Every structure is written in structure tokens, then in C-alpha cells.
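What follows is a short report on a single structure.
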Amino acid sequence: MVGRNLIRAALACLVLALLPSYTVTVAVMSVDLGSEWMKMAIVKPGVPMEIVLNRESRRKTATAVCLKENERLFGDSALGVSVKNPKMVYRHLQSLLGKRHDSPQVALYQKRFPEHQLHEDPVRGTVYFKSSEDVQYTPEELLGMVLNYSRGLAQDFAEQPIKDAVITVPAFFNQAQRRAVLHAAQMAGLKVLQLINDNTAVALNYGVFRRKDIDGTAKSVMFYDMGSSSTTATIVTYQTVKTKESGSQPQLQIRGVGFDLGLGGFEMDLRVRDHLAQIFNQQKKSPKDVKENHRAMAKLLKEAQRLKTVLSANMEFTAQVEGLMDDIDFKAKVTRAEFENLCADLFERVPGPVQDALTVAEMKLEEIEQIILVGGSTRVPKVQEVLLKAVGREELGKNINADEAAAMGAVYQAAALSKAFKVKPFLVRDAAIFPIQVEFSREMEEEEEGIKTFKHNKRILFQRMAPYPQRKVITFNRYNDDFEFNINYGDLSFLSEADLRVFGSLNLTTVRLSGVGDSFQKHTDAESKGIKAHFNMDESGVLLLDRVESVFETTMEEKEEESTLTKLGNTISTLFGGGPSEPAPNVTDPVQEEEEEVPLDSGKEAKNGIEKDTVTKETEDLEKNPTEEKIEEKSEEAGTKAEAPEEKEEEKAGNTETEKKIKTQKKMKISEDVTVELVVNDLPDPTADDLIASKKKLQDLTDRDLAKHEREKMLNSLEAFIFETQDKLHQEEYQQVVTEEGREHISVKLREASEWMDEDGYAATTKQLKDKLSQLRNLCKDMFFRVEERRKWPERLAALNTLLNTSAFFLRSARLIPEEDQIFTEVELNMLEKVINETSVWKNETVLEQEKRSPSERPVLLSKDIEAKLALLDREVNYLLNKAKFAKPKIKSKPKNSTSAGKENKTIPVAEETVPPVSEESPDPQSESQESHDSAPTTESTLHPDSDSQSQATEATGTTESTKKGPPDEL
């Protein structure tokens, strides 16, 4: 409990302040999207970082959706159906994202889930599930349903709408897979602030809670994450760096990543499931093969998952399934040794990601300070044993939440990206695992034979483990007409053959440029600076081609600005009637793009002074573009230095030379946008119409679910009303307010409604149920009203009697104040007396009239009328109390014939003598008045804002002590 409180205290320190001055919703969320489970977290005003609980109050939710004929189920409800009817439940969708139908990953999915049949999309070449002849769903659409459900859970938990989210994806997701997740989120109506790699989110969560331990010395940590379907080892370096915006800030940098796509807990579950199926077949309790029964295998898979969890803490466990197949029960004992033997080859692969990560980072194990476990499958004892032996450590780090670290790190990033929150900066430098290069062919002519050939060129755009987000520019200097180039993955030799087959197409996009030749013809007098293609790898790791432009440079003559001496001469000549000299044209220095050359891994120097194609890195910021101002300043400085020698020569030549206008050469940059056509080669994206259709399909399902929920709610309300009202008819307080005939009539109607419910009600529409409930409520509303009124009478009448007594006592006390000290006018006192009398008369007459009436008749004594009388009387009393509190004591002028102050004091009555004694039965007027004043709507500051200063001024004018003790102050 103490640990949890400490964590909450630490969380409260993370998000510093809420910035928005508007009333719109500002909550953001994160989704740790795993292949088997997902975790959500939110940040909202007053809740810094919190894991979302689902409807079963669990902190994680199954990434599964069940599609029945007329309803959808998610999470644990969907898993429950998977045992009874696995064909209706779709899960482990992550492995199908961004995959073609001929991918080995699709074949593996069909093997693991034979109840589903995956069909090929004839247009995109991807896969889809065919639910029926008319209904089919793509993996992106099913994932969109899951994301929409996760948003619903987050909105219920946050109690406000949520639109912005950060979603985690595996670090090894390629471009097609990342785009597929973005399409799924778009179908769900989510605005994705960023796709963050799950290992980066874990590293961010770890660093945020250890900000004080990060300094200028680099510290490296390895996170070993074994989840349901894959395993990733990540080396992260923490260090403080200096920034222009916020000074010294902590930073994490991804140094190396190693992964195994097939090593995970789900593969262990499947092997245990197959082992249990083999045991059942060996028992020969049924002539059928249990592996051919999809429902039985689903039951065994659920039991295998439970078995693996129990064996992590026990040496043996008895698996049992009731009615596994043909009403035959199954029971078998499995030991931990048998489990480890089943997964022996999997455990041998445990050290692989560690070695790969070290190789990529070019580091040794000794440089890693700590190895921290992440992911649910790292709880398997054998995994920890093998990993400990491989890294040669005494222990492994277990000081973060293996299940929730990614969700918490992602939601911190969501708060940082949102404009509604201000968080402590924590810089993140993620890395692209797969290199990307640009390939193009160029025409070459042999000097001797005069034969034209084409040379294929490759230029690395993003190296392996290149940090992102990052912008880069590639310049083509040898083209003066339309051409095309390709964007492909670079050297992927570090992947195994199996991983390469799963990876998919190595070709990303073909870029076709048109309008290049026209731009050269338009600027024949200018010097070409090449065709520049601007690339951007954004925060989500998705590569974008921002624009392509044809750049030229031209020179123009510009008159230099006149010297100070010349200006002075022109001014003098103007004063004596001469006209001013013609001013020089104001031509600003052209803006040039500041670029940093990046070394090329291939290509030779061009001949005849022609520059080679170059790849450059933009130094402009991702959000702002201050390059123009900075470059312009640099250009001015350069111009000043160049002109200095000329100015010295002019000074030597004399004042006559300095008055001349010198012509200088200025370079101007001209850019023309080039038309770009993109041809996607890895996996075609769905068209805009397809996205709209998918979004509408999902929205229709959501509306259907809401309508179904509303109908169920109305059905439950009708049932509850019938049963509760039938029970109330037998209670005494209800029997008093309705006649025997009326009670019988209500009872008959309720019985008819109950019979209608049993026969037709469960098939009725929402409108029919609503109308039936409305009819019954109208029938019983008079009875309910009379009962409710009789319940309110005692409390309301007691309050009215008390206020009448205190008001009358206050009125008597006010009338006893001497005339020379009276602060109330006669009109005010008469008004209070009138209200007291009218209220008392109304109460007595109405109560008497009500006593004459039968309880079954509509009452004349209404609680709302009593409350109105209470409010009127209370207002009159409070008005006088406020006046008494802020009234100033009257200043007595000293008589001319008085000889001492003592005689003057004898003429002023004392407060204690003017107020009659209070009996034990009577309420305390002072306390009652004070209580009434405290509840009065008029405040002290409203009536007399400077009452304190006025009192001091009154005392300064000579008010005597007895005057200050007078009745007004007592009141």
C-alpha cells in the first residue's frame, strides 16, 4: 500500500500544470497495443497518469473482438465466446497487419486458427475475413473496432470524450505495418499523436521516474521484452544534454535493437495445447481426433495458458477440462520439466536478441549497467535462468511494471505532445531499425565507342539505427528532364531468410517526376542547382516525401546603398533647392537552404566539374522554420566582409569616389515545384473511398450496439418498474393514499404489462418498451406524488415553525430598541410583521384544510408552497440582520452645559438593559440571528466594502465606549 502511494505521489509530480483557458475536453490516452492484450492509460486534469480499468475492473483487456449476428463483444466477453464458438472471435490481428495473402505469416495464422478462412483482396493483395456472404472484414477494420472499444473504456474512466492518443507498436514494424495501424486508428475516429515503439515507451517510463539519477555521464540499460508473440532486446543510453529552448534536459537514445519475431509466450501456449491434445488422444476415450474439433482445441488452449501460468510458481499441475468433447472430461498431470522440454528450442533462442542488440550498438555486456525484464512471458522461470546465464549477471532487474510500463510511457508522451498539458521535458531519440535508400538509373555514354548505357546508383537516405524524427534532402544534379527514382529498403542482410520472407517487399515507392524539363526551359538564363527531393521520417517512424523542387540560381545587379557622406550631401542639396538623388532599389539577399553534407557510401566523383548527386540533411527545425532569417543574416555578414577591401580603396580615392553608386552582383535562388506521382510497391494503401466506407461500416456497428444497449436498458427499466410497483401496492404508506378501486385498477394494469412482457415484450422495439413504461408511470404518478408529499411534510413544517418562532422573537427584540438607537425603520418592521402573520395564517389554514381531506385526494398542502414561504420569510429576516450588522452607531453630540463625560454616559441606554431575558424554551436570538445572517445571500463586501475602515474612522471621531456597546452591535 505504501509503495502504491509513493508511485501516485511520483505520478503527481510528472505533469506540472494544466494550461488550457478553454472549456473543451483535454484528456489524452495511450494504447499499448499488444498481440494478445492491450493496456490503456489516460491523463486528464487532476489525474496525472492512470491505467484505465475495463468493465470487469481489470487493468488489461484482451485484444479480441467477437462478431455475432446482432452484437459485438470485446475483451473477456469475447474470450468467453471463443471457447464455445471460436469461429466468431478474431484475435492476434497484429500479425496480419501489412501482410499480403502469400506471406508466411498469413499461412502461420491459418495454421494456428484453422477455424478462420483468410481470403485474398483482389485489389490490394491483402487478406480479409469472410464472416458471411455479404459481410467481410479486413484486419485493419477489426483492429479499428478494438481501438474504438479502448477509447470507449478510456472515456468512461475519464468521464469525458477523448480523441487524441499515442499507440505503441513493435519496434520491428516496417512502413506497411505502421501505415496499417494508422489506417485502423483513422477508421476508429482516433487522432494519433504518435506511433511510439513499445521498447521506447518502456525506456521513457523508466527514465521519467529516475530523472534525478540522470546526469552528464552516459548510462546504458538493456530492456529485455518477451511478450506474447515476439521478443525484443533494446539498449538505451540515458544522459543529460543541453538544448537551446530549455537548457540541460535528460535524454534517452536507442542504441541497439535485437528481436526474434517467433519467440513469445503464445508459441509456448500452443505447444502445451498440442501436448494436452496428444494426451487426450492417447487416453482413447473417444474415437475422434480432438485436434479436428475447433471447439475442443479452443478449450485446451485456454487450459494451456492457465497451466503455463501455474507452472511458473509450481513444479507440477493437473490440467482438467470438463466436457472437452462428446461430454468426455479430460484430466492430465503436467510437470514443469515436461513444459521446459516441450519448449527447449525456444529457450535456446532467448540470448539471441541480446547478442543482436549488442552487435548493432557496437557495445559489450560490461558496458550495460542493468538488464531489466519487460513483458509477461519473462515470468517463466526457465527464461530468466537462461538469460541470467547468457549475460553472466547475478540478478536481473525487475524494478518496473512488466505489463504497464509501455502504456505509462506512451501516455507521458501523449501529455507532452498535447497542447493542453505542460510536462517536464524528456528528450527521446528513437532509431529506425531498417535502412532506407534511394535508387535511380542514369544514362552514361562511353567515350571511345559512343554507346549509351545506364548506370544504376544507390544512395543511403537513412542508415540503420538512424535517429528520427529527421528530415533529409537528396539532390539530383544530372537531370534536366522528367525522370523517376525508387525508394527501397537498404541492406537487410542482418535478417534471417525466414524473417526476410515474413518482412515482405523490399521496394517501397516509385517516384515519378514531371515538369522538370519545363522548369529548365523557363529558366534558361539561370544556373541549375539540381532537383531537390525533401524527405521526412516523422515521429511515428513513417517515411514521407514532403515535396520535390527544381532549384536555380541567378545573378542580378544591385546598386549598393549610398554611404553616409552621400546621404548628407543629398540632404544639404535638398535644403538649398536641389532635388534628392534617386534611391537605390531595395533588393534583399536571397534565401539559401542551409544543408549539411552526409557522407555517401557509394558513387564516384563526377568528371568535367559536374557535381555528383548528394544526400543532405536539413538543419531546420521540425516544427518551425527559422532558416530564412538565419541564412539572411549570414549572407549580409558575408557581403559586408567582401565589400571591406573595396571600401578601403574608395577611401584612398577621395570623397568623390565614395559618392558613386557601385554595382554589386547578388545571387538569387529560384525554386519551381515539380509534380510528383507516387506508386506504392510494398503494400497499396486503401483509397479514400475505401477508408470512408470502412469508417461508415464501423460507425453503423457502433450505432447498432448503442441502440441495443438502449433497448436493454429500457427493458430492464420496465421490468424493474413493474415488480417494484407491485410490491409498493402492499405497503401501508401507499395503501393510505389510494382507494381500493384505484389500487385494483393499477394492479390489473401492472399484471397485464407483466404478461405482455412474457409474451411479446422481449421481442418489442425500444419505442414500444418506452411507450409501455410511460403509460404505467402516468397511471401511478398521482399515487407516487401523494406518498412523496406526505414524506416531506414533517421536515418542512418543522422548519417553518422554527423560523416563525425565531422571526417573531427577532421582531419583538427589534421593537424594544430605544428610538434614539433604532436602526430599523417602521416600514421594515411592519413588513416583517406582515410576512410573519401571513405565513402563520397560511400555515394554520392550509394544515387545517389538509386534515379535512382524505389521504387519497390530491393534497392542498404542498411541499413546494412550504419551501416558498420559508424562502420569503428567511429573506426578510436576513435583510434586517445584514442591516444590523453593518449599521454604524449614532454619534452623540456633547451638550453645551455638560461638565463631564460621565453625565453624557448616563443618558445612553445600555444594550443589556434593552434586550429582554431569554428563557430556556426560547431560542438564543444572538446565535439565531448570526446563523441566519451567515446563510443570507447578501455578503459583507457587497454592502460595505470598507466597513472596517469606517469603524476605525468612527472611533477616531470620539465615539464613547458605551456607544460602541449599543444594541445595533449586539444585533
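The values are calculated or read from the model by the stated rules, or taken from the named source; none is laboratory data. What you are looking at is a predicted structure, and each value in this text was computed from that prediction instead of being measured. Note: ideal-geometry Cβ built from the backbone for every residue, glycine included; neighbour counts use all protein chains shown.
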**Item:** Residues located in segment 323-336, provided they are of a type outside the set (Val, Ile, Thr), in contact with an Asp or Glu (Cβ under 9 Å, 6 or more places away or on another chain) and farther than 18 Å from PRO287 by Cα
**Value:** LYS333, ARG336
**Item:** Flag for LEU500 being within 18 Å of VAL438 (Cβ to Cβ), of a type outside the set (Asp, Glu) and at pLDDT 90 or above
**Value:** no
**Asked** Checking ASN401 against (1) surrounded by 17 or more Cβ atoms within 10 Å (Cβ to Cβ); (2) not assigned by TED's automatic domain parsing to the domain that holds ARG211, which single condition isn't satisfied?
**Response** (2)
**Request:** For segment 789-805, indicate whether the set of residues that are outside any helix (DSSP H, G or I), surrounded by fewer than 17 Cβ atoms within 10 Å (Cβ to Cβ) and either at pLDDT 90 or above or out of contact with any Cys (no Cβ under 9 Å at 6 or more places or on another chain) (or both) is non-empty.
**Result:** no
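Being hydrophobic (A, V, I, L, M, F, W, C) and under 14 Å from ASN801 (Cβ atoms) is the filter here, so list the residues in segment 862-877 that pass it.
Step one: list which residues in segment 862-877 are hydrophobic (A, V, I, L, M, F, W, C), which gives 862, 866, 868, 870-873, 877.
Of everything in segment 862-877, those that are hydrophobic (A, V, I, L, M, F, W, C) and under 14 Å from ASN801 (Cβ atoms) turn out to be ILE866, LEU870, LEU873.
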**Residues located in segment 241-261, provided they are surrounded by fewer than 17 Cβ atoms within 10 Å (Cβ to Cβ) and not charged (D, E, K, R)** = VAL241, THR243, SER246, GLY247, SER248, GLN249
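Mind telling me which of the residues LYS39, LYS68, LYS87, LYS99 ends up being closer than 30 Å to SER418 by Cα and either among the basic types (Lys, Arg) or outside the structural domain of ALA406 (by TED's automatic domain parsing) (or both)?
Details: LYS68 fails: closer than 30 Å to SER418 by Cα; LYS87 fails: closer than 30 Å to SER418 by Cα; LYS99 fails: closer than 30 Å to SER418 by Cα.
None of the other options fit; the residue is LYS39.
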**Message:** Please pick out the residue among ILE436, ILE368, ILE372 that is closer than 30 Å to ARG478 by Cβ and of a type in the set (Val, Ile, Thr).
**Reply:** ILE436
**Prompt:** Here are ARG471, ARG512, ARG464, ARG429: which of them is under 46 Å from the mean Cα position of the chain (by Cα), surrounded by fewer than 17 Cβ atoms within 10 Å (Cβ to Cβ) and not small (Gly, Ala, Ser)?
**Reply:** ARG512
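Please go through segment 517-551 and give me each residue that is among the hydroxyl-bearing types (Ser, Thr, Tyr) and either surrounded by 15 or more Cβ atoms within 10 Å (Cβ to Cβ) or not in a loop (DSSP other than H, G, I, E, B) (or both), ordered by number. Break it down stepwise before answering.
Going through segment 517-551, the residues among the hydroxyl-bearing types (Ser, Thr, Tyr) turn out to be 519, 524, 528, 540, 550.
Scanning segment 517-551 gives SER519, SER528, SER540, SER550.
Out of everything in segment 329-385 that is among the hydroxyl-bearing types (Ser, Thr, Tyr) and assigned by TED's automatic domain parsing to the domain that holds GLN253, what residue ends up being surrounded by the most Cβ atoms within 10 Å (Cβ to Cβ)?
So the first thing to find is which residues in segment 329-385 are among the hydroxyl-bearing types (Ser, Thr, Tyr), and the list is 335, 359, 377-378.
Applying the additional criterion that residues be assigned by TED's automatic domain parsing to the domain that holds GLN253 yields 359, 377-378.
Values: THR359: 12, SER377: 26, THR378: 21.
By that ranking, first place goes to SER377.
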**Request:** Considering only segment 649-692, state which residues are part of a helix (DSSP H, G or I) and either at pLDDT below 90 or surrounded by 14 or more Cβ atoms within 10 Å (Cβ to Cβ) (or both).
**Result:** GLU649, GLU650, GLU651, LYS652, ALA653, ASN655, THR656, GLU657, THR658, ASP690, LEU691
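Taking GLY397, is it on the phi > 0 side of the Ramachandran plot and either touching a Ser or Thr at 6+ places or on another chain (Cβ under 7 Å) or modelled with pLDDT of 90 or more (or both)?
no
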**Filter result (basic (Lys, Arg) and buried (at least 16 other Cβ atoms within 10 Å of the Cβ)) within segment 272-294** = ARG273, LYS291
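What are the residues in segment 265-287 that are more than 30 Å from ARG349 (Cα to Cα) and in contact with a helix residue (DSSP H, G or I) (Cβ under 9 Å, 6 or more places away or on another chain), if any? I'd like the intermediate steps shown before the answer.
Within segment 265-287, the subset more than 30 Å from ARG349 (Cα to Cα) is 281-287.
Answer for segment 265-287, where residues must be more than 30 Å from ARG349 (Cα to Cα) and in contact with a helix residue (DSSP H, G or I) (Cβ under 9 Å, 6 or more places away or on another chain): ASN281, SER286.
Pick from THR566, THR571: which is at pLDDT below 50 and more than 19 Å from VAL676 (Cα to Cα)? Lay out the reasoning, then the answer.
On the way: THR566 fails: at pLDDT below 50.
Just one listed residue meets the conditions, THR571.
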**Item:** Filter result (assigned to a loop (DSSP other than H, G, I, E, B) and loosely packed, with under 12 Cβ neighbours inside 10 Å) within segment 733-778
**Value:** ASP760, THR765
**Prompt:** Looking only at segment 471-491, which residues are of a type in the set (D, E, K, R) and part of a strand (DSSP E or B)?
**Reply:** ARG471, LYS472, GLU484
**Message:** Which condition from (1) within 16 Å of the chain's Cα centre (by Cα); (2) surrounded by fewer than 16 Cβ atoms within 10 Å (Cβ to Cβ); (3) modelled with pLDDT of 90 or more is the one that ILE42 breaks?
**Reply:** (2)
**Item:** Of all residues in segment 137-178 being buried (at least 23 other Cβ atoms within 10 Å of the Cβ) and among the charged types (D, E, K, R), the one that is farthest from LYS696 (Cα to Cα)
**Value:** GLU140
